[in-house]
Amino acid sequence: MGHILIQDLTKTYLRRGGVAWQFNSEADPVADDELLVLNHIDLEVYDGELVCVLGPSGCGKTTMVRIIAGFERSTSGNVIIDGNEVTGPSSDNIFVFQHNGLLPWLTVEENVRLGLRHMKDRREQAERVSEYIDIVNLSGFEHQYPHQLSGGMQRRAELARALVVNPEVLFMDEPFAGLDFLTRLKMREEIINMHEYFKKTVIFITHDIDEALVMADRVVVFTDRPATIQLDLALGFPHPRDFMREPDLEALRRDVYVGLGVHYAL
Ligand SMILES: Nc1ncnc2c1ncn2[C@@H]1O[C@H](COP(=O)(O)OP(=O)(O)OP(=O)(O)O)[C@@H](O)[C@H]1O
Ligand SMILES: [Mg+2]
């Protein structure tokens, strides 16, 4: 479970205002008042894979995730999760991790419990909630409100809220945005550990190339808008990964930087 098939996915938005957004190629014309964002994307994500998606700002990463999660309709093409075509949001098998996704008027425990609100057995529910709070190392902070936690602790609470649902697919769209460098490194480690433990399918969007390369089973790099897939790299390197000790990983890192148009930060 957690298999995603994206077939020939295209998305255009209506252009706003009178300015031409882009030059549309003759090969794939779209009307002047439309903005082509995703351009015939084909992608298969395998069960239990952690795929990091990289690409220039505004190329269409969030749009793609919103379409896969069923929040947004594609203009053409299909998304099939575990054999079923996505026609709208489904809370059973997918979870979209958002930062600032905690409800401020609920405690950590109550926020995590939200994911299990349909569970009838209250004792089992309480056990699951406390198990996941423990997994993210927040035991002792169950009764704190989000504003009483540090940024990193808030992210961990959000992670517990996502994982307690036990989704087949977890979408994470720049989940570490705004975290300080050290906390971000620690959160990466936690995601890698969680992933090795839970083996759920994760689609993780980031702007951080090194982050993608140390975390992912596979890195997918989008071109600038309209997005097509520019690079699709399987990374069979064991964790923890170290660029200094893995020359092949370091070489891939260069390819990705260059692919994204950066030549000087190498
Ligand atoms: N609801 C909308 N209506 C019209 N245009 C939209 C809408 N949502 C997104 N867009 C446009 O689609 C393009 C892609 O947006 P998207 O948010 O998917 O980019 P992104 O790759 O996630 O960028 P970032 O890395 O900055 O988050 C942008 O040009 C944006 O202006
Ligand atoms: Mg985005």
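The values are calculated or read from the model by the stated rules, or taken from the named source; none is laboratory data. Computed from a predicted structure; not experimentally measured. Neighbour counts run over all protein chains shown; Cβ positions are idealised from the backbone, glycine included.
Brief remarks follow.
- Lone unmet requirement of (1) under 21 Å from the mean Cα position of the chain (by Cα); (2) at pLDDT below 95; (3) away from ligand 2 (no atom under 16 Å from the Cβ); (4) surrounded by fewer than 17 Cβ atoms within 10 Å (Cβ to Cβ) for residue 71: (3)
Here is a yes/no grid of residues against (1) buried (at least 16 other Cβ atoms within 10 Å of the Cβ); (2) farther than 27 Å from residue 104 by Cβ; (3) over 14 Å from the mean Cα position of the chain (by Cα); (4) of a type in the set (S, T, N, Q):
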| site | (1), (2), (3), (4) |
| --- | --- |
| 158 | yes, no, no, no |
| 163 | yes, no, no, no |
| 170 | yes, no, no, no |
| 198 | no, yes, yes, no |
| 201 | yes, yes, no, yes |
| 213 | yes, yes, yes, no |
| 216 | yes, yes, no, no |
| 220 | yes, yes, no, no |
| 248 | no, yes, yes, no |
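- Checking residue 221 against (1) within 16 Å of ligand 2 (Cβ to nearest atom); (2) closer than 27 Å to residue 84 by Cβ; (3) at pLDDT 95 or above, the condition it does not meet: (2)
- Of all residues in the range 240-255 being basic (Lys, Arg) and in a helix (DSSP H, G or I), the one that is farthest from residue 195 (Cα to Cα): 254
- In the range 221-233 there is no residue that is more than 16 Å from ligand 1 (Cβ to nearest atom), not polar (S, T, N, Q) and not in a strand (DSSP E or B).
- Test: residue in the range 87-101 that is surrounded by 18 or more Cβ atoms within 10 Å (Cβ to Cβ) and either part of a helix (DSSP H, G or I) or within 16 Å of ligand 1 (Cβ to nearest atom) (or both): yes
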